[in-house]
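Read the structure below first, then the notes.
The values are calculated or read from the model by the stated rules, or taken from the named source; none is laboratory data. In this text the structure is predicted, and so the values were computed from the model without any measurement. Glycine gets a Cβ as well: all are built from the backbone with ideal geometry, and neighbour counts include every protein chain shown. What goes into the accessible areas is simple: the full protein's heavy atoms, side chains included, and nothing from ligands, DNA or RNA. Shrake-Rupley method; radii C 1.70, N 1.55, O 1.52, S 1.80 Å.
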Amino acid sequence: MSRDDVDVRTVTAAEGRDWLRALATGFLQPPVVEESEAADRLAHMDLGRVRGGFAGDGRCVATYRSFSQQLTVVGGAFVTANAVAQVTVAPTHRRRGILTRMITDDLAAAKERGDTVATLLPAEYAIYGRFGFGPATSCTEWEIDVTRSGLDPRRSGPADGGRVDLADAEDVRKVGPELHERFRARQHGAIDRDERWWTLHTGAVRLPSQPWTEPYHAVYRSAAGEVEGLITYTAESHWTDGGQPADTARVQSLIAVSPAAERALWQFVCSIDWITRVRSGGRAPDDLLPLLLPDPRAARTVSHTDFLWVRLLDVVRALQSRTYEASGSLVLDVRDEAGLAGGRFRLDATPEGAWCVPTTEEPDLVMGAGELGRLYLGDESVLRLVALGCLDEERQGAAARADGVFRARRRPWCPDMF
């Protein structure tokens, strides 16, 4: 193989550290990986799903990894996803089709394995639409000016009989996993968190390449003593010219299984002495947060962006796994250049579930795989996609009918990076 050729294949254990260095380089991080960190990280990867591009001199110039994930869909069911992550191509080897080779092989393997969908969090918007992915969730971050929020700084705790307790990392590892299981069962767009997630995010495992700041944790318990919410946050110190503390709390995670818990935890973090601003972290665009404040204008939107992208691999299974807001029948013609999920399908949807089968009937709507991914979690409007020219309405009135079927009452939300 010449120096200009690139061999795309799965990575061996001996090549793992070189792959991690290439990953760091691709994300513009220091290209140094300690041997102990490499061993720890590789021990938690399925190397059969770690791909790399290797130049003629043996150097790793591209990275790609996938792993098994559970995605919550509308109605609360979990589907198996092929989660794509850690995708890089060295600046010396761009525009050579290396990513296309890696992702094509991986998605074909996921299809063969029986995964229902594939997911990813793209660093750049323009890359993954051509591979059949579509933006299925978005997130919004707010900054709260506590001094304008209207909250009573003298309040001592929830008025509903519940309570908020500070917790340490060990407490979080005990109560967090079960709480998160309850949370993701009711939040479509959420993904699972394995034991590794909890050890990394509570500092039980610390990687030299990832700087660590010990966060604060607080738990909300209902009047019956049941854990219903958990918040993790850090604080940034700042003093005004007048000698007054004006710290900022940055929320890393807030999950709750009741409105009471969500309300209590936001009020808690906004009532901490010295805290004058709170950054919410990425939340669902229809989060309760701004309207929980007596003055919602105190919560300023600082960012809003697409987040989780979805690509269907098994249309029948995917559409049958979720529920729908209204009953209706639709014939969908799905175009998929990769040949993974294309075809014509009849969807008979109800609020309780659905039946989906291949058909030869004339279509109501014609769309690409990426557009179906955009619709899958109930966030996108069929009518808007038609207006944008992204989707064709073949039967008059079909778009309005499909919009009523696919849209969800609340917007999907994925709280986690991967």
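For the reader, a short list of remarks on this structure follows.
- FRET efficiency, 1/(1 + (r/R0)^6) with R0 41 Å, evaluated for Ala223 and Asp273 via beta carbons: 0.95
- Distance between the 7 Å Cα→Cβ label points at Ser258 and Arg113: 3.8 nm.
- Taking the Cα centre of the stretch 348-418 as origin and assigning +1 to Lys and Arg Cβ atoms and -1 to Asp and Glu Cβ atoms, the resulting dipole is close to 400 debye.
- Dipole-positive endmost among Phe307, Gly404, Pro363 within the stretch 297-418 (Cβ charges, Cα centre): Phe307
- Gain in span if fully extended, Trp239 to Arg300, counting 0.36 nm per residue against the direct Cα distance: 19.8 nm
- Entry for the chain at q = 0.08 Å⁻¹: log10 I(q)/I(0) = -0.51, Debye formula applied to identical alpha-carbon scatterers, no solvent contribution.
- Separation of alpha-carbon centers, the stretch 169-184 and the stretch 265-317, rounded to whole Å: 20 Å
- Accessible area in the full protein assembly, largest first, 1.4 Å probe, for Phe133, Phe268, Phe78: Phe78, Phe268, Phe133
- Extension gain, Glu178 back to Ala77 (0.36 nm per residue minus Cα-Cα distance, nm): 34.7 nm
- Helix-only [θ]222 nm of the chain, DSSP H runs n ≥ 4, -39500 (n - 2.57) each, per residue, nearest 500: -7500 deg cm²/dmol
- Charge sum, other residues only, whose C-beta stays under 13 Å from Asp105's C-beta, Lys/Arg counted +1 and Asp/Glu -1: +4
- Distance between the 7 Å Cα→Cβ label points at Arg163 and Asp145: 3.6 nm.
- When peptides 105-114, 51-60 are sorted by average Cβ neighbour count within 10 Å, with the highest value leading, the order is 51-60, 105-114.
- Rounded to the nearest 20 debye, dipole of the chain from Cβ charges on Lys, Arg, Asp, Glu: 260 debye
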